[in-house]
Amino acid sequence: MSDNVSAQAAVATDGAGPPLDADGAAESVRPTSSTPASSTLASSTSVSSSPVSSSPVGSTSASAASDGRVTAGWGATRASSFVRDWFARHETELVDFRRDLHMHPELGRQEHRTAERILDRLTAAGLRPQRLADIPGVWCDIATGGPNEAADVEGPVVMLRADMDALPLQDAKDVPYASTVPGVCHACGHDVHTTVVLGAGLALAEYARHSPLPGTVRLLFQPAEETMPGGALEVIDAGVLKPVGAALTVHCDPALDVGTIGLRPGPITSAADLVEITLAGPGGHTSRPQNTVDLVYALGALITQLPAALNRRIDPRSALALVWGQVQAGTVPNAIPRTAQVRGTVRTLSRDTWETAPELIEQLAHQIVAPFGADIVVDYRQGVPPVVNAAEFVDAFDAAVTAAFGHGAATTVAQSLGGEDFGWYLTHVPGALARLGTRTPGGETYDLHQGDYLVDERAIGIGVRLLAGAALESFSRLS
(Lines give C-alpha, C1' and ligand atoms only; values in the text may rest on other atoms or scores of the structure.)
Protein backbone atom coordinates (compact mmCIF):
# COMPACT_ATOMS: atom_id res chain seq x y z
CA MET A 1 0.00 0.00 0.00
CA SER A 2 1.28 3.44 -0.88
CA ASP A 3 0.38 4.37 2.65
CA ASN A 4 2.20 5.28 5.85
CA VAL A 5 -0.95 6.13 7.76
CA SER A 6 -2.92 3.16 9.06
CA ALA A 7 -6.66 3.39 9.56
CA GLN A 8 -7.73 4.07 13.11
CA ALA A 9 -10.66 2.21 14.62
CA ALA A 10 -13.75 4.36 14.85
CA VAL A 11 -15.54 1.91 17.15
CA ALA A 12 -13.80 0.30 20.11
CA THR A 13 -13.50 -3.49 20.03
CA ASP A 14 -14.91 -5.61 22.82
CA GLY A 15 -12.24 -7.13 25.01
CA ALA A 16 -8.82 -8.49 24.14
CA GLY A 17 -7.10 -11.82 23.76
CA PRO A 18 -7.30 -14.44 21.04
CA PRO A 19 -10.20 -14.27 18.59
CA LEU A 20 -13.17 -16.54 19.09
CA ASP A 21 -14.68 -18.99 16.68
CA ALA A 22 -18.35 -18.54 15.86
CA ASP A 23 -19.27 -21.16 18.45
CA GLY A 24 -17.50 -19.16 21.16
CA ALA A 25 -14.46 -21.39 21.55
CA ALA A 26 -11.11 -19.64 21.73
CA GLU A 27 -8.65 -20.40 18.95
CA SER A 28 -5.42 -22.12 19.79
CA VAL A 29 -2.62 -19.63 20.38
CA ARG A 30 -0.70 -18.77 17.23
CA PRO A 31 2.89 -17.52 17.02
CA THR A 32 3.78 -13.87 17.08
CA SER A 33 6.51 -12.50 14.84
CA SER A 34 9.07 -12.92 17.61
CA THR A 35 8.16 -16.56 18.32
CA PRO A 36 9.91 -19.30 16.34
CA ALA A 37 7.42 -21.28 14.29
CA SER A 38 8.86 -24.60 15.35
CA SER A 39 8.14 -24.07 19.06
CA THR A 40 4.69 -22.52 19.16
CA LEU A 41 3.15 -24.08 16.07
CA ALA A 42 4.00 -27.57 17.21
CA SER A 43 1.74 -27.08 20.21
CA SER A 44 -1.24 -25.79 18.22
CA THR A 45 -4.32 -27.89 18.77
CA SER A 46 -6.34 -28.86 15.74
CA VAL A 47 -9.99 -29.82 15.88
CA SER A 48 -11.74 -32.63 14.07
CA SER A 49 -13.03 -31.85 10.60
CA SER A 50 -16.72 -31.22 10.24
CA PRO A 51 -18.58 -33.34 7.71
CA VAL A 52 -18.87 -31.62 4.33
CA SER A 53 -22.18 -31.68 2.49
CA SER A 54 -22.46 -31.64 -1.28
CA SER A 55 -24.83 -28.66 -1.24
CA PRO A 56 -23.40 -25.51 -2.89
CA VAL A 57 -22.09 -23.05 -0.33
CA GLY A 58 -23.59 -20.09 -2.14
CA SER A 59 -27.06 -21.61 -2.14
CA THR A 60 -27.78 -20.07 1.23
CA SER A 61 -27.68 -16.30 1.45
CA ALA A 62 -26.76 -14.33 4.55
CA SER A 63 -29.52 -13.04 6.80
CA ALA A 64 -29.84 -9.90 8.86
CA ALA A 65 -29.43 -10.12 12.62
CA SER A 66 -31.67 -8.20 15.01
CA ASP A 67 -28.92 -5.62 15.52
CA GLY A 68 -28.74 -4.96 11.76
CA ARG A 69 -25.49 -6.85 11.18
CA VAL A 70 -25.28 -9.49 8.47
CA THR A 71 -25.12 -13.08 9.69
CA ALA A 72 -23.81 -16.00 7.71
CA GLY A 73 -25.98 -18.72 6.27
CA TRP A 74 -25.53 -22.33 7.39
CA GLY A 75 -23.49 -23.19 4.29
CA ALA A 76 -20.89 -20.53 4.98
CA THR A 77 -20.63 -21.59 8.61
CA ARG A 78 -19.94 -25.19 7.55
CA ALA A 79 -17.29 -24.05 5.06
CA SER A 80 -15.76 -21.85 7.75
CA SER A 81 -15.26 -24.90 9.94
CA PHE A 82 -13.57 -26.70 7.06
CA VAL A 83 -11.17 -23.81 6.43
CA ARG A 84 -10.44 -23.52 10.17
CA ASP A 85 -9.45 -27.18 10.31
CA TRP A 86 -7.48 -26.91 7.07
CA PHE A 87 -5.45 -24.03 8.45
CA ALA A 88 -4.74 -25.90 11.68
CA ARG A 89 -3.04 -28.56 9.55
CA HIS A 90 -1.14 -26.07 7.36
CA GLU A 91 -0.28 -23.30 9.82
CA THR A 92 3.41 -24.14 10.13
CA GLU A 93 3.80 -24.26 6.35
CA LEU A 94 2.12 -20.88 5.81
CA VAL A 95 4.06 -19.12 8.55
CA ASP A 96 7.29 -20.51 7.10
CA PHE A 97 6.18 -19.40 3.62
CA ARG A 98 5.58 -15.85 4.86
CA ARG A 99 8.94 -15.76 6.63
CA ASP A 100 10.72 -16.92 3.49
CA LEU A 101 9.13 -14.07 1.54
CA HIS A 102 10.11 -11.68 4.33
CA MET A 103 13.73 -12.80 4.11
CA HIS A 104 13.79 -12.38 0.32
CA PRO A 105 11.87 -9.18 -0.46
CA GLU A 106 11.66 -7.88 -4.01
CA LEU A 107 10.82 -4.40 -5.29
CA GLY A 108 8.03 -3.65 -7.74
CA ARG A 109 8.24 -5.45 -11.10
CA GLN A 110 11.15 -7.51 -9.75
CA GLU A 111 9.07 -10.10 -7.85
CA HIS A 112 10.36 -13.06 -9.86
CA ARG A 113 11.38 -15.28 -6.95
CA THR A 114 8.13 -14.56 -5.12
CA ALA A 115 6.11 -15.46 -8.22
CA GLU A 116 8.07 -18.70 -8.66
CA ARG A 117 7.37 -19.74 -5.07
CA ILE A 118 3.66 -19.14 -5.60
CA LEU A 119 3.65 -21.02 -8.91
CA ASP A 120 5.42 -23.99 -7.35
CA ARG A 121 3.03 -24.24 -4.40
CA LEU A 122 -0.13 -23.92 -6.49
CA THR A 123 1.17 -26.46 -9.00
CA ALA A 124 2.00 -28.87 -6.18
CA ALA A 125 -1.63 -28.63 -5.08
CA GLY A 126 -2.77 -29.82 -8.52
CA LEU A 127 -3.84 -26.38 -9.71
CA ARG A 128 -2.92 -24.63 -12.96
CA PRO A 129 -1.48 -21.21 -12.14
CA GLN A 130 -0.87 -18.83 -15.03
CA ARG A 131 1.92 -16.30 -15.42
CA LEU A 132 1.26 -12.76 -16.52
CA ALA A 133 3.03 -12.20 -19.83
CA ASP A 134 4.92 -8.95 -19.26
CA ILE A 135 5.21 -8.58 -15.48
CA PRO A 136 6.02 -11.06 -12.69
CA GLY A 137 2.43 -11.74 -11.67
CA VAL A 138 0.42 -14.93 -11.21
CA TRP A 139 -3.26 -15.82 -11.37
CA CYS A 140 -5.04 -19.10 -10.76
CA ASP A 141 -8.68 -20.27 -10.93
CA ILE A 142 -10.36 -22.56 -8.43
CA ALA A 143 -13.64 -24.22 -9.31
CA THR A 144 -15.65 -27.25 -8.31
CA GLY A 145 -13.89 -30.56 -8.78
CA GLY A 146 -10.32 -29.29 -9.03
CA PRO A 147 -8.18 -27.43 -11.58
CA ASN A 148 -9.75 -24.96 -13.94
CA GLU A 149 -8.61 -22.70 -16.76
CA ALA A 150 -9.91 -19.36 -17.95
CA ALA A 151 -11.66 -20.93 -20.96
CA ASP A 152 -13.66 -23.19 -18.63
CA VAL A 153 -14.89 -20.46 -16.27
CA GLU A 154 -18.62 -20.69 -15.68
CA GLY A 155 -20.87 -18.90 -13.24
CA PRO A 156 -19.86 -15.91 -11.12
CA VAL A 157 -16.17 -15.21 -10.55
CA VAL A 158 -14.82 -13.73 -7.31
CA MET A 159 -11.20 -12.52 -7.35
CA LEU A 160 -8.96 -12.57 -4.29
CA ARG A 161 -6.02 -10.22 -4.82
CA ALA A 162 -2.65 -10.02 -3.09
CA ASP A 163 0.19 -7.57 -3.73
CA MET A 164 3.74 -8.97 -3.66
CA ASP A 165 6.25 -6.10 -3.76
CA ALA A 166 8.46 -4.80 -0.96
CA LEU A 167 9.76 -1.31 -0.16
CA PRO A 168 13.19 0.32 -0.55
CA LEU A 169 13.73 0.45 3.23
CA GLN A 170 16.27 -1.16 5.54
CA ASP A 171 14.83 -3.88 7.77
CA ALA A 172 15.28 -2.67 11.36
CA LYS A 173 13.80 -5.71 13.14
CA ASP A 174 15.84 -8.12 15.25
CA VAL A 175 14.16 -11.35 14.16
CA PRO A 176 15.64 -14.54 12.67
CA TYR A 177 13.73 -14.00 9.42
CA ALA A 178 14.83 -10.39 8.82
CA SER A 179 15.42 -9.28 5.24
CA THR A 180 18.60 -10.60 3.66
CA VAL A 181 18.46 -7.92 0.93
CA PRO A 182 20.21 -4.67 1.93
CA GLY A 183 17.91 -1.66 1.71
CA VAL A 184 14.79 -3.69 0.86
CA CYS A 185 12.16 -5.07 3.22
CA HIS A 186 8.50 -5.92 3.59
CA ALA A 187 7.29 -2.96 5.64
CA CYS A 188 3.70 -2.86 4.41
CA GLY A 189 2.60 -6.45 4.99
CA HIS A 190 2.59 -7.61 1.38
CA ASP A 191 4.30 -10.85 2.44
CA VAL A 192 1.32 -11.43 4.72
CA HIS A 193 -1.18 -10.53 1.99
CA THR A 194 0.47 -12.99 -0.41
CA THR A 195 0.47 -15.78 2.17
CA VAL A 196 -3.15 -15.14 3.14
CA VAL A 197 -4.44 -15.28 -0.46
CA LEU A 198 -2.33 -18.37 -1.14
CA GLY A 199 -3.69 -20.07 1.98
CA ALA A 200 -7.29 -19.12 1.22
CA GLY A 201 -6.89 -20.44 -2.31
CA LEU A 202 -5.36 -23.73 -1.23
CA ALA A 203 -8.08 -24.25 1.38
CA LEU A 204 -10.85 -23.50 -1.11
CA ALA A 205 -9.27 -25.79 -3.69
CA GLU A 206 -9.37 -28.67 -1.23
CA TYR A 207 -12.91 -27.79 -0.22
CA ALA A 208 -14.01 -27.65 -3.87
CA ARG A 209 -12.88 -31.23 -4.44
CA HIS A 210 -15.68 -32.39 -2.12
CA SER A 211 -18.33 -29.65 -2.20
CA PRO A 212 -19.57 -27.85 -5.31
CA LEU A 213 -18.86 -24.15 -5.53
CA PRO A 214 -21.46 -21.93 -7.20
CA GLY A 215 -18.76 -20.23 -9.24
CA THR A 216 -15.02 -19.70 -9.61
CA VAL A 217 -12.52 -18.14 -7.23
CA ARG A 218 -9.69 -16.41 -9.07
CA LEU A 219 -6.47 -15.83 -7.14
CA LEU A 220 -4.37 -12.87 -8.26
CA PHE A 221 -0.83 -12.20 -7.08
CA GLN A 222 -0.07 -8.71 -8.34
CA PRO A 223 3.32 -6.99 -8.65
CA ALA A 224 4.23 -3.33 -8.19
CA GLU A 225 1.49 -2.02 -5.89
CA GLU A 226 3.94 0.45 -4.34
CA THR A 227 4.60 2.16 -7.67
CA MET A 228 2.46 4.84 -9.29
CA PRO A 229 0.08 4.33 -10.99
CA GLY A 230 0.51 0.75 -9.77
CA GLY A 231 0.71 -2.73 -11.23
CA ALA A 232 -3.07 -3.11 -11.16
CA LEU A 233 -3.35 -1.28 -14.47
CA GLU A 234 -1.05 -3.79 -16.17
CA VAL A 235 -3.08 -6.66 -14.72
CA ILE A 236 -6.27 -5.10 -16.08
CA ASP A 237 -4.65 -4.55 -19.49
CA ALA A 238 -3.67 -8.24 -19.51
CA GLY A 239 -7.35 -9.19 -19.33
CA VAL A 240 -7.26 -10.91 -15.94
CA LEU A 241 -10.28 -8.94 -14.74
CA LYS A 242 -12.54 -9.72 -17.73
CA PRO A 243 -14.60 -12.58 -16.25
CA VAL A 244 -14.49 -11.22 -12.68
CA GLY A 245 -17.73 -10.14 -11.02
CA ALA A 246 -16.28 -8.96 -7.70
CA ALA A 247 -12.82 -8.32 -6.23
CA LEU A 248 -11.79 -8.72 -2.59
CA THR A 249 -8.59 -8.03 -0.70
CA VAL A 250 -7.19 -7.41 2.76
CA HIS A 251 -4.58 -4.98 4.00
CA CYS A 252 -2.57 -5.27 7.19
CA ASP A 253 -3.44 -2.67 9.82
CA PRO A 254 -0.98 -2.25 12.72
CA ALA A 255 -3.48 -0.04 14.58
CA LEU A 256 -5.89 -2.97 15.02
CA ASP A 257 -5.32 -5.92 17.33
CA VAL A 258 -4.82 -9.31 15.71
CA GLY A 259 -8.22 -10.97 15.45
CA THR A 260 -9.96 -7.69 14.67
CA ILE A 261 -11.22 -6.98 11.15
CA GLY A 262 -11.75 -3.37 10.06
CA LEU A 263 -14.68 -2.76 7.71
CA ARG A 264 -16.10 0.34 6.06
CA PRO A 265 -18.64 0.77 3.25
CA GLY A 266 -17.84 3.49 0.72
CA PRO A 267 -14.36 5.04 0.45
CA ILE A 268 -11.81 3.35 2.75
CA THR A 269 -8.61 4.83 1.27
CA SER A 270 -7.84 8.06 -0.53
CA ALA A 271 -6.56 8.92 -3.97
CA ALA A 272 -2.79 9.40 -4.03
CA ASP A 273 -0.96 11.32 -6.77
CA LEU A 274 2.50 12.81 -7.38
CA VAL A 275 3.12 16.38 -8.47
CA GLU A 276 6.46 17.82 -9.59
CA ILE A 277 6.78 21.51 -10.45
CA THR A 278 9.89 22.93 -12.10
CA LEU A 279 10.66 26.65 -12.39
CA ALA A 280 13.26 28.13 -14.75
CA GLY A 281 14.88 31.52 -15.29
CA PRO A 282 18.12 33.15 -16.49
CA GLY A 283 19.83 33.04 -13.08
CA GLY A 284 21.94 35.82 -11.59
CA HIS A 285 23.70 37.27 -8.57
CA THR A 286 21.83 37.63 -5.30
CA SER A 287 22.94 41.30 -5.15
CA ARG A 288 20.82 42.08 -8.24
CA PRO A 289 17.52 40.12 -8.02
CA GLN A 290 15.75 42.95 -9.92
CA ASN A 291 17.74 42.08 -13.03
CA THR A 292 16.69 38.44 -13.22
CA VAL A 293 14.00 36.03 -12.05
CA ASP A 294 14.36 35.26 -8.36
CA LEU A 295 13.48 31.58 -8.58
CA VAL A 296 13.94 30.85 -4.89
CA TYR A 297 11.48 33.58 -3.95
CA ALA A 298 9.04 32.41 -6.62
CA LEU A 299 9.38 28.82 -5.41
CA GLY A 300 8.76 29.88 -1.83
CA ALA A 301 5.55 31.63 -2.88
CA LEU A 302 4.45 28.53 -4.77
CA ILE A 303 5.17 26.22 -1.85
CA THR A 304 3.06 28.24 0.58
CA GLN A 305 0.34 29.66 -1.65
CA LEU A 306 -0.64 26.65 -3.75
CA PRO A 307 -1.90 24.51 -0.83
CA ALA A 308 -3.67 27.57 0.60
CA ALA A 309 -5.35 28.38 -2.71
CA LEU A 310 -6.54 24.79 -3.05
CA ASN A 311 -8.23 25.07 0.32
CA ARG A 312 -10.38 27.88 -1.10
CA ARG A 313 -11.15 26.20 -4.42
CA ILE A 314 -11.98 22.65 -3.27
CA ASP A 315 -14.97 21.53 -1.23
CA PRO A 316 -13.53 20.96 2.27
CA ARG A 317 -15.54 17.74 2.53
CA SER A 318 -13.22 16.28 -0.11
CA ALA A 319 -10.30 16.62 2.32
CA LEU A 320 -7.74 17.33 -0.40
CA ALA A 321 -4.20 17.63 0.95
CA LEU A 322 -1.17 18.82 -1.04
CA VAL A 323 1.97 18.18 1.03
CA TRP A 324 5.47 18.90 -0.21
CA GLY A 325 8.20 16.38 0.48
CA GLN A 326 11.18 17.53 -1.59
CA VAL A 327 12.58 20.96 -2.50
CA GLN A 328 15.67 21.71 -4.60
CA ALA A 329 17.04 25.11 -5.60
CA GLY A 330 20.62 26.27 -6.07
CA THR A 331 23.98 25.11 -4.75
CA VAL A 332 25.59 28.27 -3.32
CA PRO A 333 24.23 31.11 -1.14
CA ASN A 334 25.11 34.05 -3.40
CA ALA A 335 23.78 32.89 -6.77
CA ILE A 336 20.18 32.85 -7.94
CA PRO A 337 19.74 29.45 -9.63
CA ARG A 338 18.48 28.85 -13.14
CA THR A 339 16.19 26.00 -12.11
CA ALA A 340 14.25 25.12 -8.98
CA GLN A 341 11.93 22.23 -8.24
CA VAL A 342 9.41 21.08 -5.66
CA ARG A 343 7.82 17.63 -5.40
CA GLY A 344 4.97 16.38 -3.28
CA THR A 345 1.85 14.26 -3.01
CA VAL A 346 -1.80 15.07 -3.52
CA ARG A 347 -4.37 13.05 -1.58
CA THR A 348 -8.14 13.34 -1.54
CA LEU A 349 -11.05 11.32 -0.21
CA SER A 350 -13.25 12.17 -3.19
CA ARG A 351 -13.21 10.46 -6.57
CA ASP A 352 -14.74 13.56 -8.22
CA THR A 353 -12.08 15.84 -6.71
CA TRP A 354 -9.36 13.40 -7.77
CA GLU A 355 -10.51 13.66 -11.38
CA THR A 356 -10.47 17.49 -11.41
CA ALA A 357 -7.34 18.07 -9.27
CA PRO A 358 -4.68 17.90 -12.06
CA GLU A 359 -6.19 20.70 -14.14
CA LEU A 360 -6.91 22.90 -11.12
CA ILE A 361 -3.43 22.51 -9.63
CA GLU A 362 -1.75 23.35 -12.93
CA GLN A 363 -3.97 26.42 -13.37
CA LEU A 364 -3.28 27.74 -9.86
CA ALA A 365 0.46 27.06 -10.08
CA HIS A 366 0.76 29.13 -13.25
CA GLN A 367 -1.25 31.97 -11.72
CA ILE A 368 0.92 32.06 -8.56
CA VAL A 369 4.23 32.07 -10.45
CA ALA A 370 3.22 34.47 -13.24
CA PRO A 371 4.03 37.74 -11.36
CA PHE A 372 7.64 36.62 -10.92
CA GLY A 373 8.28 35.94 -14.61
CA ALA A 374 9.49 32.37 -14.17
CA ASP A 375 8.87 29.64 -16.68
CA ILE A 376 6.94 26.77 -15.14
CA VAL A 377 6.34 23.12 -15.96
CA VAL A 378 3.82 21.12 -13.92
CA ASP A 379 4.23 17.35 -14.10
CA TYR A 380 1.15 15.84 -12.47
CA ARG A 381 1.01 12.05 -12.26
CA GLN A 382 -2.23 10.49 -11.19
CA GLY A 383 -1.43 7.54 -8.99
CA VAL A 384 -4.43 5.65 -7.69
CA PRO A 385 -8.11 6.44 -7.15
CA PRO A 386 -9.76 5.91 -3.76
CA VAL A 387 -10.78 2.37 -2.88
CA VAL A 388 -14.58 2.63 -2.73
CA ASN A 389 -16.07 -0.42 -1.04
CA ALA A 390 -19.42 -1.69 -2.31
CA ALA A 391 -21.81 -2.16 0.61
CA GLU A 392 -22.89 -5.66 -0.45
CA PHE A 393 -19.32 -6.95 -0.38
CA VAL A 394 -18.58 -5.27 2.94
CA ASP A 395 -21.61 -7.30 4.07
CA ALA A 396 -19.94 -10.40 2.60
CA PHE A 397 -16.85 -9.72 4.73
CA ASP A 398 -19.08 -9.08 7.75
CA ALA A 399 -20.91 -12.37 7.26
CA ALA A 400 -17.57 -14.20 6.92
CA VAL A 401 -16.36 -12.63 10.17
CA THR A 402 -19.55 -13.72 11.91
CA ALA A 403 -19.24 -17.29 10.64
CA ALA A 404 -15.58 -17.61 11.61
CA PHE A 405 -15.11 -15.46 14.70
CA GLY A 406 -18.44 -14.08 15.91
CA HIS A 407 -19.83 -10.55 15.89
CA GLY A 408 -17.21 -8.96 18.16
CA ALA A 409 -14.32 -9.43 15.71
CA ALA A 410 -15.49 -6.75 13.26
CA THR A 411 -15.17 -3.02 13.82
CA THR A 412 -15.78 0.10 11.77
CA VAL A 413 -12.63 1.96 10.68
CA ALA A 414 -12.08 5.50 9.49
CA GLN A 415 -11.11 6.32 5.93
CA SER A 416 -7.34 6.40 5.48
CA LEU A 417 -5.42 9.03 3.52
CA GLY A 418 -3.15 6.30 2.23
CA GLY A 419 -3.41 5.11 -1.37
CA GLU A 420 -3.99 1.58 -2.68
CA ASP A 421 -3.97 0.56 -6.35
CA PHE A 422 -6.73 -1.96 -5.57
CA GLY A 423 -8.90 1.07 -6.27
CA TRP A 424 -8.26 0.59 -10.00
CA TYR A 425 -10.01 -2.80 -9.95
CA LEU A 426 -13.04 -1.28 -8.26
CA THR A 427 -13.44 1.21 -11.12
CA HIS A 428 -14.31 -1.86 -13.24
CA VAL A 429 -16.04 -4.28 -10.84
CA PRO A 430 -17.57 -3.98 -7.35
CA GLY A 431 -15.73 -5.32 -4.36
CA ALA A 432 -14.22 -4.44 -1.00
CA LEU A 433 -11.02 -4.11 1.00
CA ALA A 434 -10.94 -5.18 4.64
CA ARG A 435 -8.32 -4.23 7.21
CA LEU A 436 -6.53 -7.12 8.92
CA GLY A 437 -5.39 -6.43 12.46
CA THR A 438 -1.70 -7.26 13.05
CA ARG A 439 -0.99 -5.72 16.48
CA THR A 440 -0.36 -8.00 19.44
CA PRO A 441 -2.98 -7.09 22.08
CA GLY A 442 -1.29 -4.89 24.64
CA GLY A 443 1.81 -4.63 22.49
CA GLU A 444 3.47 -1.82 20.60
CA THR A 445 1.64 -0.03 17.79
CA TYR A 446 3.90 0.02 14.76
CA ASP A 447 3.38 1.95 11.54
CA LEU A 448 3.37 0.93 7.91
CA HIS A 449 6.31 1.87 5.69
CA GLN A 450 8.70 1.70 8.63
CA GLY A 451 11.59 -0.75 8.87
CA ASP A 452 10.58 -1.90 12.35
CA TYR A 453 7.01 -2.92 11.38
CA LEU A 454 6.37 -6.20 13.21
CA VAL A 455 3.38 -8.41 12.42
CA ASP A 456 1.69 -10.74 14.90
CA GLU A 457 1.64 -13.83 12.70
CA ARG A 458 -1.65 -15.05 14.11
CA ALA A 459 -3.05 -12.61 11.54
CA ILE A 460 -2.22 -15.14 8.80
CA GLY A 461 -4.82 -17.62 10.01
CA ILE A 462 -7.37 -14.86 10.56
CA GLY A 463 -6.80 -13.60 7.01
CA VAL A 464 -7.02 -17.05 5.42
CA ARG A 465 -10.34 -17.80 7.10
CA LEU A 466 -11.67 -14.30 6.40
CA LEU A 467 -10.89 -14.27 2.68
CA ALA A 468 -12.04 -17.83 2.06
CA GLY A 469 -15.32 -17.10 3.82
CA ALA A 470 -15.82 -13.74 2.11
CA ALA A 471 -15.26 -15.32 -1.31
CA LEU A 472 -17.97 -17.90 -0.64
CA GLU A 473 -20.32 -15.29 0.78
CA SER A 474 -19.83 -13.12 -2.32
CA PHE A 475 -21.27 -15.68 -4.74
CA SER A 476 -24.83 -15.14 -3.51
CA ARG A 477 -24.37 -11.40 -4.03
CA LEU A 478 -23.46 -11.94 -7.68
CA SER A 479 -26.32 -14.26 -8.59
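Computed values, structure above
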read-out: Counted residues, region 288-322 - those being closer than 21 Å to PRO371 by Cβ and outside any loop (DSSP other than H, G, I, E, B); value: 23
read-out: Residue within region 388-410 that is within 15 Å of the chain's Cα centre (by Cα) and among the charged types (D, E, K, R) present; value: no
read-out: Single unsatisfied condition, ARG477 versus (1) over 18 Å from THR216 (Cβ atoms); (2) surrounded by fewer than 24 Cβ atoms within 10 Å (Cβ to Cβ); (3) in contact (Cβ under 8 Å) with a residue 40 or more places away in the chain; value: (1)
read-out: Pick from region 131-148, criterion at pLDDT below 95, within 23 Å of GLY431 (Cβ to Cβ) and of a type outside the set (A, V, I, L, M, F, W, C), ranking: surrounded by the most Cβ atoms within 10 Å (Cβ to Cβ); value: ASN148
read-out: Qualifying positions in region 86-115 - of a type in the set (D, E, K, R) and either more than 12 Å from MET164 (Cα to Cα) or surrounded by 19 or more Cβ atoms within 10 Å (Cβ to Cβ) (or both); value: ARG89, GLU91, GLU93, ASP96, ARG98, ARG99, ASP100, GLU106, GLU111
read-out: Residues that are hydrophobic (A, V, I, L, M, F, W, C) and more than 18 Å from ASP421 (Cβ to Cβ), drawn from region 253-274; value: ALA255, LEU256, VAL258, ILE261, LEU263
read-out: Entirely in region 169-283, the strands (runs of 3 or more DSSP E) that have 3 or more residues that are touching a residue at least 12 places away in the same chain (Cβ under 8 Å) and buried (at least 24 other Cβ atoms within 10 Å of the Cβ); value: 216-222, 246-257, 271-280
read-out: Search result, residues across region 285-303 that are crowded, with 16+ Cβ neighbours inside 10 Å and aromatic (Phe, Trp, Tyr); value: none
read-out: Verdict on GLY325 being touching a Leu at 6+ places or on another chain (Cβ under 7 Å), closer than 22 Å to SER416 by Cβ and in a strand (DSSP E or B); value: no
read-out: Total residues in region 348-395, condition crowded, with 21+ Cβ neighbours inside 10 Å, in contact with a Phe, Trp or Tyr (Cβ under 9 Å, 6 or more places away or on another chain) and either over 30 Å from ALA224 (Cβ atoms) or hydrophobic (A, V, I, L, M, F, W, C) (or both); value: 4
read-out: Matching residues, region 204-226, being in contact with a Lys or Arg (Cβ under 8 Å, 6 or more places away or on another chain) and either of a type in the set (Gly, Ala, Ser) or not assigned by TED's automatic domain parsing to the domain that holds HIS90 (or both); value: ALA224
read-out: Sole exception among (1) at pLDDT 95 or above; (2) out of contact with any Leu (no Cβ under 9 Å at 6 or more places or on another chain); (3) under 17 Å from ASP421 (Cα atoms) for VAL250, by number; value: (2)
read-out: Residue within region 411-418 that is surrounded by fewer than 24 Cβ atoms within 10 Å (Cβ to Cβ), at negative phi and among the small types (Gly, Ala, Ser) present; value: yes
read-out: Enumerated strands (runs of 3 or more DSSP E) restricted to region 373-444, each holding at least 3 residues that are over 30 Å from PRO289 (Cα atoms) and of a type in the set (S, T, N, Q); value: none
read-out: Close pairs from region 115-130: first charged (D, E, K, R), partner outside any helix (DSSP H, G or I), Cβ under 7 Å, at least 6 apart; value: ARG128/CYS140; ARG128/PRO147; ARG128/GLU149
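The values are calculated or read from the model by the stated rules, or taken from the named source; none is laboratory data. None of the values given here were measured: they were computed from a predicted structure. For neighbour counting, all protein chains shown are included, and Cβ atoms are generated from backbone atoms with ideal geometry for every residue, glycine included.
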